[in-house]
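Accompanying notes for the structure given below.
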Amino acid sequence: MKKFLILLAAIFIMLPVFADTMPFYTNAVPKNALGVFQTGDSLKIYSQPDANSKIIKELTFSYDQKTMPEGVFALLLNERKLGFLYVSDIGDDNWVEVIYDKRTGAKGWVLSEDKFQFLPWRNFYNMYGRKYGLRMFKDAPDEVDVLHSKAEDTAQSVAKLNYVKTIKLAKISGNWALVSVLDLDKVPKMGFMRWRGDDGTLYAFPNIK
């Protein structure tokens, strides 16, 4: 028995550890976040939206889980070298303010190198949500499970979702998303669901893989 436990422990030690990051609960995303900023191999974070201001943080990203910093990313897929930080404000001339430490809420300014590096939520969902579909957060309110005929809370309910398997995004309309959902009964259901609350709380997220 002792030998078996030692062997089992050795197997677990040898297994790769994937330190990817993905939000699964509504409180993982700051309500004041305006979207996300895609990282590259390195990042300089400034105190002000000015290249002559003080550099408060310099980060390099290997996308090797052993050396990647913790508490930084809104979304991180090491194998794909795909990482995003939350954006909390927008400046002039392609400057955006990012949250670079989720534990303390520390912020700083970075310069976007191209128009796709900063993605407001609408653009992010249209780009990645349409490609990969959506997944609801585990603690999303019950009303998110109801599809409506229009992008309105008072609109007719057209379907109740149970044991959702896939959510395909067709379009974003304000805080609503037109989706096609397949759940346990394997009958496609189409209608509008809330992807975001009126207070900015996200209820669903692109199911990036």
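The values are calculated or read from the model by the stated rules, or taken from the named source; none is laboratory data. This one's a predicted model, so the numbers in the text were calculated from it and none came from an experiment. Cβ: placed from backbone, ideal geometry, glycine included. Neighbour counts: every protein chain shown. Areas reflect the complete protein model, heavy atoms only, side chains present, ligands, DNA and RNA absent. Shrake-Rupley method; radii C 1.70, N 1.55, O 1.52, S 1.80 Å.
Here are some notes:
- Hey, residue 24 touching a residue at least 12 places away in the same chain (Cβ under 8 Å) and in contact with a Phe, Trp or Tyr (Cβ under 6 Å, 6 or more places away or on another chain) or not: no
- Considering residues of the stretch 175-196 that are part of a loop (DSSP other than H, G, I, E, B) and modelled with pLDDT of 95 or more only, the residue least open to solvent (accessible area, probe 1.4 Å): 195
- Among the residues examined, residue 167 qualifies as among the β-branched types (Val, Ile, Thr), part of a strand (DSSP E or B) and surrounded by 14 or more Cβ atoms within 10 Å (Cβ to Cβ).
- Pairs with Cβ under 7 Å, 6+ apart, first in the stretch 79-106 and closer than 16 Å to residue 44 by Cβ and touching a residue at least 40 places away in the same chain (Cβ under 8 Å), second assigned to a loop (DSSP other than H, G, I, E, B) and of a type in the set (Phe, Trp, Tyr): 83/61; 83/73; 85/73
- Within the stretch 128-157, the set of residues being under 20 Å from the mean Cα position of the chain (by Cα) and open to solvent by 80 Å² or more (accessible area, probe 1.4 Å) comprises 130, 131, 138.
- Where strands (runs of 3 or more DSSP E) sit wholly within the stretch 59-112, those with at least 1 residues that are open to solvent by less than 30 Å² (accessible area, probe 1.4 Å), farther than 16 Å from residue 19 by Cα and among the hydroxyl-bearing types (Ser, Thr, Tyr) occupy 82-90.
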